[in-house]
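**Student:** Have a look at this one before I ask anything.
The values are calculated or read from the model by the stated rules, or taken from the named source; none is laboratory data. Remember, it's a predicted structure, so these values are computed and weren't measured experimentally. Cβ coordinates were reconstructed from backbone atoms using ideal geometry, including for glycine residues, and neighbour counts include every protein chain displayed.
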Amino acid sequence: MPLSPFFLNGSPSEQRLVQDLVNEHLQLFGQDVLYLPRKIINQNTVIREITASKFDDSFRLEAYLVNVDGFGTPSDALTKFGVRDMDEITLVVSKERYDDFITPFIKSFPEGERVNANTPNEGDLIYLPLDNALFEIKYVERKVPFYQVNELFMYEFRCEIFEPEDEVVDLPDGLTDKNGEDVDDGIITRGNIITLQLDKDDNTNALGYVALASTVPGVKSVQRVPLFNDGNYLGTPTVQIFKPKQGNQATGTVTIAEGGIDTVTLTSSGSNYLSVPTISFTPPNKTTSSQIKFGNNSLHHTAITDVIGANFVFSTNVDSRDTGNGRLSLSFWLYPTKFDPAVNGGTVMWTDRFKIYYRETGNIIFASGSGSIENTTQLNLNAWNFIRVEQYNTDATISVNGTVSNNLNTANPIMFFAGDLLKLGADTAGAGFIPSQTASFEGFLDHLTINLTGDNALRNFTATQVPSSETSQETDGQTNSNASFIRKMDNEHPQVIATTDVNKVVTGLTINYEGWGYTSVPIMTIAQPELGSQATAVAIMTSRTGVPNQSVDRILITNPGFGYTEPPIVTFTGGNPISVAIATAVISEAVLGPIGITTGGRGYTFTPTVGITSVYTQQSNETIPLLQNAQAEAVVSTAGTVKEIRYSNAGAGYTNTTAYVGIQSVTTDFFGEFEIDELVTQVSTGTSAYVSSWNTADNILKVVASSGDFTVGETIVGAGASYRILAVGDDLTTAIPFAQNEVLETEADEILDFTERNPFGEF
């Protein structure tokens, strides 16, 4: 027969009725129990075994005790370790009550403390006041009864008496048993006890430092975040301060002439440039492979006057006498493409002290002072030629492809004066040397080097050598010293310098170096404005009178950021809000940046006050927003160190690049005492455990439920104590009352002789 059409099996109203009946039945015939969810302290990373756990939260819940014939059979057992209590119970609880009352709180536990937050788990504890005992859930039946009216209404817990190992159990204060008597609020800490031999440890003060969030005038940061509405939250919300807005990018155009840039023009000034932007260009074009001696390019030159690198400016006079640098050699590769009789040859390079040029016949000449010397070996046209000028004392030579000229006695042994520039090509003024020679050479130049060391006695040896590689040209033949100046002519990019003003816009472009190798106009890119740094903050919660749950008490800034042109938006996320908090940011110039911790100190059992250098000697005036003193708060870790300093007001108007941060001193002669059941922490690693016992006289601390390993020499701190670890030992306790019976074992040893193979047989 099909189901009756007069009954809606599984309708929402029927399901609601059944659930209400289940809840009412449990409230009429059930027992008030405490549900203690297991929290993970330490878990094996390989097999995921929970090696230490704690039970420090409890929730009152009604449960129906299914047992009608006691605690099961057998309830006690004799083992080789003694008498073991094996009491078992079965409990039934309302699924709705668990899901609505317990699950939301378990979901708020920190990540990693709970395996499954949605349903009851095996390993959770039940405190039964009826027997004043703790039971461990060994199995959770989640589908009983099996889908009545197409729904599940209860959980069934199958439990055994709790046998502690490495667990910490914290029963709530004021707990009473069935008779109304107080239950001992001592934490049950049994299992693997770690014994620590301690020594009193010197406490140290924390130190901090701070600098301006931005040293650029006019750049603003978040100074403070006042609240307009403190909201109402079940948890702590996350505070987000929006990023600074990025400004507009500046642009410009370029023209070229003779292979390098000729002019640059600013077409858009951009906005919000917190620093001077860099300027880049697309790479120059390469010459043909036959016109490259070393590297990937050479300088193509026609009739323009070029400066060899704006950074090649002599800061001191270069003296080539023995009493000075010993010897100066200048070498380069030259690829002439034209010997023009009409212009009397061409100038290769020059300063106000000397000139190197060649005649229309191809003979190269070095002129210095009032004299000159000519090498009679002709340059090869449309081919590479190695040129070397060597000056020693007051003499000089010039060589072509290893052939050395006669000596020239120069009037001035100083070849380069301070401030001199080495220039290429046309010398329109004649520079005092061969005034008739003013034209530029035509061709290619590659790998220019200058070396300021050497031995005058061996000068001719290096003069005759033609290098076969970059390294051989750049290394001195006698001293093996590297050349003082090297210009490789390999696709050298232009250098353009930008300038900005107080309005944070680009105001001008200056050509510092025109570059070479361009056959088409390059693309010039002015870098985008910096985005600045995003501010960060945290919410500090409090409970307000007449308002349930929690409200935002204040916003503390962890990083004021920089680069804000307008107050950023502040939002609150998470925290299970009933009503959302509202805040806005106040920005100012010359704000202090994040406070760094030089040392967190040791032994802080209180939150120290923080003092920061004032903007000026008097107290800041709140009516002058551009001048405000910074105010900050410290955060102390469980290890007794200052781990962070946060701003309630990051200040404004600071003119010094740094300010002094003062942190209240820790009391140096206070070492304190550990309390039973408190959580202690190893400072360096964060390893924590619960105090099982503390012997003040011998400084012996016993702890349980360790989250890691304790190490000799490290510092362990509690709420009011700080000590150094001298020794670490394990002590497997035998004081577990539920699983051991020392009296029974002792009496049995007196009756039976277990040293015999068969104590019940004949000898």
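**Student:** Looking at (1) crowded, with 22+ Cβ neighbours inside 10 Å; (2) at pLDDT below 85; (3) not basic (Lys, Arg), which one does Thr605 not meet, given that it meets all the others?
**Tutor:** Only one criterion is unmet by Thr605, namely (1).
**Student:** Consider only pairs whose beta carbons are under 6 Å apart and that are at least six residues apart or on different chains; among these, list those whose first residue lies in segment 356-367 and is within 11 Å of Val400 (Cβ to Cβ) and whose second residue is buried (at least 22 other Cβ atoms within 10 Å of the Cβ) and among the small types (Gly, Ala, Ser).
**Tutor:** Between residues of segment 356-367 that are within 11 Å of Val400 (Cβ to Cβ) and residues that are buried (at least 22 other Cβ atoms within 10 Å of the Cβ) and among the small types (Gly, Ala, Ser), the close pairs are Tyr358/Gly345.
**Student:** Here is a list of conditions, (1) surrounded by 22 or more Cβ atoms within 10 Å (Cβ to Cβ); (2) modelled with pLDDT under 85, and Phe674 meets all of them except one; can you say which number that is?
**Tutor:** Of the numbered conditions (1) surrounded by 22 or more Cβ atoms within 10 Å (Cβ to Cβ); (2) modelled with pLDDT under 85, the odd one out for Phe674 is (2).
Residues checked against (1) under 25 Å from Ile645 (Cβ atoms); (2) in contact with a helix residue (DSSP H, G or I) (Cβ under 9 Å, 6 or more places away or on another chain); (3) not hydroxyl-bearing (Ser, Thr, Tyr):
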site: Thr525; (1), (2), (3): no, no, no
site: Pro529; (1), (2), (3): no, no, yes
site: Thr536; (1), (2), (3): yes, no, no
site: Met541; (1), (2), (3): yes, no, yes
site: Arg544; (1), (2), (3): no, no, yes
site: Ser551; (1), (2), (3): yes, no, no
site: Ile557; (1), (2), (3): yes, no, yes
site: Pro560; (1), (2), (3): yes, no, yes
site: Thr565; (1), (2), (3): no, no, no
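Here is a yes/no grid of residues against (1) assigned by TED's automatic domain parsing to the domain that holds Pro237; (2) among the polar types (S, T, N, Q); (3) in a helix (DSSP H, G or I); (4) more than 30 Å from Gln631 (Cβ to Cβ):
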position: Ala498; (1), (2), (3), (4): no, no, no, yes
position: Asn503; (1), (2), (3), (4): no, yes, no, yes
position: Gly508; (1), (2), (3), (4): no, no, no, yes
position: Val538; (1), (2), (3), (4): yes, no, no, no
position: Arg544; (1), (2), (3), (4): yes, no, no, no
position: Ser551; (1), (2), (3), (4): yes, yes, no, no
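**Student:** Only one residue in Pro217, Pro226 is surrounded by fewer than 19 Cβ atoms within 10 Å (Cβ to Cβ), in contact (Cβ under 8 Å) with a residue 24 or more places away in the chain and under 26 Å from Gln528 (Cβ atoms), so which one is that? Give the steps one after another, and end with the answer.
**Tutor:** Details: Pro226 fails: under 26 Å from Gln528 (Cβ atoms).
Testing whether each residue is surrounded by fewer than 19 Cβ atoms within 10 Å (Cβ to Cβ), in contact (Cβ under 8 Å) with a residue 24 or more places away in the chain and under 26 Å from Gln528 (Cβ atoms) leaves just Pro217.
**Student:** Restricting the search to segment 506-526, which residues are surrounded by fewer than 18 Cβ atoms within 10 Å (Cβ to Cβ) and over 25 Å from His300 (Cα atoms)?
**Tutor:** As a first pass, look at segment 506-526 and keep what is surrounded by fewer than 18 Cβ atoms within 10 Å (Cβ to Cβ): 507-508, 510-512, 519-521, 523, 525.
Those that are surrounded by fewer than 18 Cβ atoms within 10 Å (Cβ to Cβ) and over 25 Å from His300 (Cα atoms): Thr507, Gly508.
**Student:** Same structure again: Would segment 510-521 turn up any residue that is at pLDDT 85 or above and part of a loop (DSSP other than H, G, I, E, B)? Give the steps one after another, and end with the answer.
**Tutor:** Narrowing segment 510-521 to residues at pLDDT 85 or above: 510-511, 521.
Checking which are part of a loop (DSSP other than H, G, I, E, B) leaves us with 521.
Scanning segment 510-521 turns up at least one residue that is at pLDDT 85 or above and part of a loop (DSSP other than H, G, I, E, B).
**Student:** Can you tell me which condition Val680 does not meet? The list is (1) modelled with pLDDT of 75 or more; (2) farther than 19 Å from Thr51 by Cα; (3) not charged (D, E, K, R), and all the others hold.
**Tutor:** Going through (1) modelled with pLDDT of 75 or more; (2) farther than 19 Å from Thr51 by Cα; (3) not charged (D, E, K, R) one by one, Val680 breaks only (2).
**Student:** So, one more: Report, by residue number, each residue of segment 550-560 that is surrounded by 16 or more Cβ atoms within 10 Å (Cβ to Cβ) and modelled with pLDDT of 90 or more. Give the derivation first.
**Tutor:** Taking segment 550-560 first, the residues surrounded by 16 or more Cβ atoms within 10 Å (Cβ to Cβ) are 550-552, 554-560.
Selection gives Ser551, Val552, Arg554, Ile555, Leu556, Ile557, Thr558, Asn559, Pro560.
**Student:** Considering only residues of segment 240-283 that are of a type in the set (A, V, I, L, M, F, W, C) and more than 30 Å from Pro567 (Cα to Cα), which is nearest to the chain's Cα centre (by Cα)?
**Tutor:** Residues of segment 240-283 of a type in the set (A, V, I, L, M, F, W, C): 241-242, 250, 254, 256-257, 261, 264, 266, 274, 276, 279, 281.
From the residues that got through so far, the ones that are more than 30 Å from Pro567 (Cα to Cα) too are 254, 256-257, 261, 264, 266, 279, 281.
On the way: Val254: 40, Ile256: 44, Ala257: 47, Ile261: 42, Val264: 40, Leu266: 38, Ile279: 29, Phe281: 33 Å.
Restricting to residues being of a type in the set (A, V, I, L, M, F, W, C) and more than 30 Å from Pro567 (Cα to Cα), the top hit is Ile279.
**Student:** Specify the residue that is modelled with the highest pLDDT; the eligible residues are those in segment 399-424 that are assigned to a strand (DSSP E or B) and farther than 28 Å from Tyr513 by Cβ.
**Tutor:** First, pick out the residues of segment 399-424 that are assigned to a strand (DSSP E or B): 399-400, 403-404, 408-409, 414-416, 421, 423-424.
Still in the running and farther than 28 Å from Tyr513 by Cβ: 399-400, 403-404, 408-409.
Working: Ser399: 89, Val400: 92, Thr403: 87, Val404: 86, Leu408: 74, Asn409: 69.
Only one residue fits best here, namely Val400.
**Student:** Condition first: out of contact with any Gly (no Cβ under 7 Å at 6 or more places or on another chain) and part of a strand (DSSP E or B). Now tell me which residues in segment 626-652 satisfy that.
**Tutor:** Gln631, Ala632, Glu633, Ala634, Val635, Val636, Glu644, Arg646, Tyr647, Ser648, Asn649, Ala652
**Student:** Okay, next question. Assess whether Arg487 counts as being touching a Leu at 6+ places or on another chain (Cβ under 8 Å) and among the charged types (D, E, K, R). Quick ask: steps written out before the conclusion?
**Tutor:** Working: touching a Leu at 6+ places or on another chain (Cβ under 8 Å): yes; among the charged types (D, E, K, R): yes.
Taking the combined requirement at face value, the residue satisfies it.
**Student:** Considering each residue of segment 127-160, count those that are outside any strand (DSSP E or B) and either closer than 18 Å to Phe59 by Cβ or basic (Lys, Arg) (or both), and give that number.
**Tutor:** Of all residues in segment 127-160, those outside any strand (DSSP E or B) come to 129-132, 142-147, 149-150, 152-153.
With either closer than 18 Å to Phe59 by Cβ or basic (Lys, Arg) (or both) added as a condition, the list becomes 129-130, 142-143.
Residues meeting the conditions: 4.
**Student:** Please give the strands (runs of 3 or more DSSP E) falling wholly within segment 209-303 in which 3 or more residues are of a type in the set (A, V, I, L, M).
**Tutor:** Passing ranges, in order: 251-257, 260-268.
**Student:** Could you tell me which numbered condition Glu96 fails, if it satisfies all but one of (1) at pLDDT 90 or above; (2) over 50 Å from the mean Cα position of the chain (by Cα)?
**Tutor:** Condition (2) is where Glu96 drops out.
**Student:** Further, regarding this structure: Which residue is farthest from the chain's Cα centre (by Cα), if the candidates are limited to segment 213-227 and must be at pLDDT 90 or above and among the hydrophobic types (A, V, I, L, M, F, W, C)?
**Tutor:** Leu227
**Student:** Could you tell me which of the residues Ala439, Ala431, Ala457 is aliphatic (A, V, I, L, M) and at pLDDT 70 or above?
**Tutor:** Numbers: Ala431 fails: at pLDDT 70 or above; Ala457 fails: at pLDDT 70 or above.
The match here is Ala439.
**Student:** From the list Gly600, Gly563, which one is within 30 Å of Pro529 (Cα to Cα), modelled with pLDDT under 90 and crowded, with 19+ Cβ neighbours inside 10 Å? Outline the logic, then answer.
**Tutor:** Working: Gly600 fails: within 30 Å of Pro529 (Cα to Cα).
Only one candidate qualifies: Gly563.
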